[in-house]
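Below you'll find the structure, written out as structure tokens, and then a few comments.
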Amino acid sequence: MAADAVTDRAVAAFAPALIAWQQRHGRHDLPWQNTRDPYAVWLSEIMLQQTQVATVMPYYQRFLERFPTVAALAAAAEDDVLALWSGLGYYSRGRNLHRAAGIIVAEHGGRFPATPEALMALPGIGRSTAAAIYVFAFGGRAAILDGNVKRVLARLRGIEGYPGETAVAARLWRDAEALLPEKKIVAYTQGLMDLGATVCTRCRPRCSECPARVLCVALASDRVSELPTPKPRKALPQRRTMMLVLQRAGEILLEKRPTTGIWGGLWCFPEEDADADPVAACARRFGAKVVPGEMLPMIAHGFTHFRLDILPQPAIVKSWPQRAEEAGCLWISPEDALQAALPAPVRGIVERLLACGKTA
């Protein structure tokens, strides 16, 4: 089978084989399946971006319980939205979800746009996500190309090159669109997702169970382990930061981060250079007098573009001027802090304080 074009055989055989496999072996009991509610579909697709199904399921259910409609989400405070998102990562998704809900209510009367183009105009919705919503909520015909589907098509068609490269992505999109069936598009689209998630996996794919094994270029040429081509490796920059775990009268100090950038809009411990003197830093920033304690174990945290070593530095506050309360800071009990919108490392520090009884 030539790899430079989608062959008639692949077009004719792939979709029927995948649909039949999905109906027999695919996933049918996920909480966001068996619904045409655009809100529920949209929420699941945003949460599933770069996040595994098992991780998403409890977040999805809690989110729907708290915000059952797009109007309820639009009316919520961003802090409440991010608090429910806390721990799911990629927090811009939560902020964009909230922004998009406001736009849907304000500009669309609370009704979801029903075309891929209109969906893509909303914050946080790209081409593949818009297509998935269009298919599952509106029964439309459109091609998806998420991470799992890129892997399936790269192997099926023998497409070399890192999928993040413009030319390779364009080729994958062409094939994704050419392989679309005319009918049963919901089962086909779900089948692509299921195949990539459960059979055509990144490691140890179960090729003997694949409905497209006789069509797969990678399997025929013994290149399954090589495709898709990995992203060229770059050494990630290493950064270090100190988090000031300030404690006073059974409460800890949290500081709200700017809305843009890492952990945007979340509550964190105040940060300083890793080698800073915590006593001098507290005096400079807050006019406070503190007594540092023993530093907690370092936390290694990875982001997409860099790695961060976090040094949690506890300190007991002995003197705290009233003016510091105006600096975007909040004194809060550790128990209440766990209900706020915290990044995972900060949540871990708070939980450690509670478990060790180290709050002053």
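The values are calculated or read from the model by the stated rules, or taken from the named source; none is laboratory data. Just so you know, these numbers come straight off a predicted model, no measurement behind them. Note that each Cβ is placed from the backbone with ideal geometry, even for glycine, and that neighbours are counted across all protein chains shown.
Annotations
- Inclusion of Thr166 among residues that are modelled with pLDDT of 95 or more, surrounded by fewer than 16 Cβ atoms within 10 Å (Cβ to Cβ), closer than 29 Å to Ser221 by Cα and within 20 Å of the chain's Cα centre (by Cα) is not warranted.
- Restricting Glu272, Glu255 to those that are part of a strand (DSSP E or B), in contact with a strand residue (DSSP E or B) (Cβ under 7 Å, 6 or more places away or on another chain) and under 30 Å from Thr51 (Cα atoms) reduces the list to Glu255.
- Look at (1) in the same structural domain as Asp146 (by TED's automatic domain parsing); (2) crowded, with 16+ Cβ neighbours inside 10 Å; (3) under 23 Å from the mean Cα position of the chain (by Cα) and you find that Leu215 fails only one, number (3).
Residue by residue, here is whether (1) under 30 Å from His25 (Cα atoms); (2) under 27 Å from the mean Cα position of the chain (by Cα); (3) at pLDDT below 95 holds:
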residue	(1), (2), (3)
Arg223	yes, no, no
Lys234	no, yes, yes
Leu244	no, no, no
Gln247	no, no, no
Leu254	no, yes, no
Pro258	no, yes, yes
Cys268	no, yes, no
Ala274	no, no, no
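- Counting only residues that are of a type in the set (A, V, I, L, M, F, W, C), over 28 Å from the mean Cα position of the chain (by Cα), assigned to a strand (DSSP E or B) and surrounded by 15 or more Cβ atoms within 10 Å (Cβ to Cβ), region 279-315 holds 2 of them.
- Condition check for Leu88: touching a helix residue (DSSP H, G or I) at 6+ places or on another chain (Cβ under 9 Å), on the phi < 0 side of the Ramachandran plot and surrounded by fewer than 22 Cβ atoms within 10 Å (Cβ to Cβ): yes
- For region 1-27, residues that are modelled with pLDDT under 95, part of a loop (DSSP other than H, G, I, E, B) and of a type outside the set (Asp, Glu) total 6.
- Some residue of region 157-167 being closer than 15 Å to Ala20 by Cα and part of a helix (DSSP H, G or I): no
- Odd one out for Ala235, checked against (1) aliphatic (A, V, I, L, M); (2) over 30 Å from Trp32 (Cα atoms); (3) in contact (Cβ under 8 Å) with a residue 60 or more places away in the chain: (3)
- The lone exception for Leu254 - which of (1) closer than 22 Å to Arg307 by Cα; (2) assigned by TED's automatic domain parsing to the domain that holds Pro345 it fails: (1)
- Scanning region 38-81 for residues that are among the hydroxyl-bearing types (Ser, Thr, Tyr) and part of a helix (DSSP H, G or I) yields Tyr39, Ser44, Thr55, Tyr59, Tyr60.
- Test: residue in region 194-203 that is of a type in the set (Ser, Thr, Tyr), surrounded by fewer than 15 Cβ atoms within 10 Å (Cβ to Cβ) and in the same structural domain as Ala143 (by TED's automatic domain parsing): yes
- Scanning region 98-128 for residues that are within 21 Å of Asp146 (Cα to Cα), among the β-branched types (Val, Ile, Thr) and buried (at least 21 other Cβ atoms within 10 Å of the Cβ) gives a single hit, Ile125.
- Of all positions in region 320-334, none carries a residue that is in contact with a helix residue (DSSP H, G or I) (Cβ under 8 Å, 6 or more places away or on another chain), loosely packed, with under 15 Cβ neighbours inside 10 Å, at pLDDT 95 or above and in the same structural domain as Glu251 (by TED's automatic domain parsing).
- Selection status of Gly87, outside any helix (DSSP H, G or I), within 22 Å of the chain's Cα centre (by Cα) and either modelled with pLDDT of 95 or more or assigned by TED's automatic domain parsing to the domain that holds Gln50 (or both): yes
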